[in-house]
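Quick note: the coordinates plus some simple rules give every number you see, no bench work behind them. Since we're looking at a predicted model, the values are computed, not measured. As a convention, Cβ positions derive from the backbone with ideal geometry for all residues, glycine included, and neighbour counts pool all protein chains shown.
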Amino acid sequence: MDIFGKIKEKLSNEFIDIIEWLDYTDDTIAYRFERYQNEIKNGAKLIVREGQTAVFINEGQLADVFSPGTYDLTTQNLPILATLKGWKYGFNSPFKAEVYFVNTHLFTDEKWGTKSPITLSDDRFGLVEIRAFGTYAYKVSDAGKFIKDIVGTDSNFTNFEINEHLKSLIATRFTDTVGKANLPIELYAANTTELSDTCREVMAPEFQTVGISLEKFYIENVSMPEELKKEIFEYSRIDKLDLDKLAKFKAAKAIEAAAQNEGGTAGAGMGMGMGFVLAQQMGNLMGGATQATPQATGQPAAGAIPPPMPAQTLYYYAVNGAQQGPATFEQLQSLFANRTINRDSLVWKQGMAAWTALKDVEELKSFLGGNTPPPLPGQ
C-alpha cells in the first residue's frame, strides 16, 4: 500500500464516530448528542443502552428512532433519513442530523397537588372547598412524539421541566373528575383508591398525546376546613342516632350545664326559681304559726295547697291467655258489658298477690248484677 492509501485508511478510521450517552443523573429525560456542526461520519457506531431510545432529527423533521442495541449507521439502518436526504445509492460522506437520547425508565414518586382549593356543591353542606395531593409515576412511551411535541430544540430536557406541565394537567383533570363524581363530601377521603383509579383512566389519554405513559396515580390525602369536618362528624352521629333521644339528651346536658354555671344567666334564672319556691314554702310555714288554724276559723288558711287528686286504680285482665290493659274501672265495666271479659276472667291490680277471677274481686262484683237488697226486718 502506498503512502496515500495509508493516509486515507488512517483518516477513515479517525472519521468513524461512536455515538452514545452515558447518563449519570436521574433527572435528565432528553439529551442532545453534541457534534461539530452536527456532522456524523459514514459508518459511525450508535450505541443505545437499556432504558434509552435514540431519535434522529433532520432539519426539524422526525427521522429514525432506535431502540436499545448497537448499530452501524448506514443507509440500511437509516431508511427514513436516507429518504429525506435523497440518497439513492448509499452515502460515503459525512451527513448532518441531530441525535437525541431519551431516558425511558420509570420516573417514580413524583409529587402533585392542588394549588388552589376546589369548590364543590354538596346537597347537605352547600358549597365546600377541598384540597388534595399525592404522587404519580410516568415514563416516555413514544420518544419521537415526545421529542417533537415537548422537547423541541432543548439540548438538555429535565424531569423538572416536564413535571411543571404534568402537574398543571393533573390539577385540571382532577378538578373535572371530582366535580363529575358527585360523591357525598365525606366519601372523598374514604374512597381515595377508587378515585385514584378513575383519575388515572381519565388522565392517561392526555399523557399519551405527548408520548408519555401515566403508569401510576395516587391520591394520598383529601383535606377540608376544620369546621366542615366537625359538621360532617356531627351529621354522621345524628344520622345513626334516634333524633328524639338525642334531643332529650342534649336538653338534659344543657340543664346540667346551666345548673353548674351559677354565675351565668341560666344559673341565675334557676336560682331565682328555686328562691321563689323556698319563699312560698317559708310563707306557708310562717302563716301557719301566726294565724288561727282552719279548724278554728272555719276558713282555709291563706296560701293553702289542695291535696293531690286520688290516683285511679288500673286493672290488667286476661283474654285468651294473653295479658291486656291497663284499664280503668269504667273501661273494665264496658269490657264486661260487651262480653270481651266475663265473670271468670282473671284480673290483677297493684296490691293483689295473684291473678284472681273477676267474680272474686270485691269492687268488681257489681258487674255481675242480681245484687238485691235483703228483705226488711219482720217481713
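Can you compute the FRET efficiency between F133 and T108 using 1/(1 + (r/R0)^6), with r the Cβ-Cβ distance and R0 = 22 Å? Round to the nearest 0.05. Step by step, r from the Cβ atoms, then E = 0.85. Legend: calculated FRET efficiency, K115 to K230, from the Cβ-Cβ distance at R0 = 22 Å, rounded to 0.05, equals 0.30. If you take the Cα centroid of region 66-108 and the Cα centroid of region 163-203, the two points sit 41 Å apart.
How much FRET efficiency would the formula 1/(1 + (r/R0)^6) give for M352 and I305, where r is the Cβ-Cβ distance and R0 is 25 Å, rounded to 0.05? Calculated value: 0.15. Here the extension length gained between N156 and R339 equals 55.4 nm, from 0.36 nm per residue of separation less the Cα-Cα distance.
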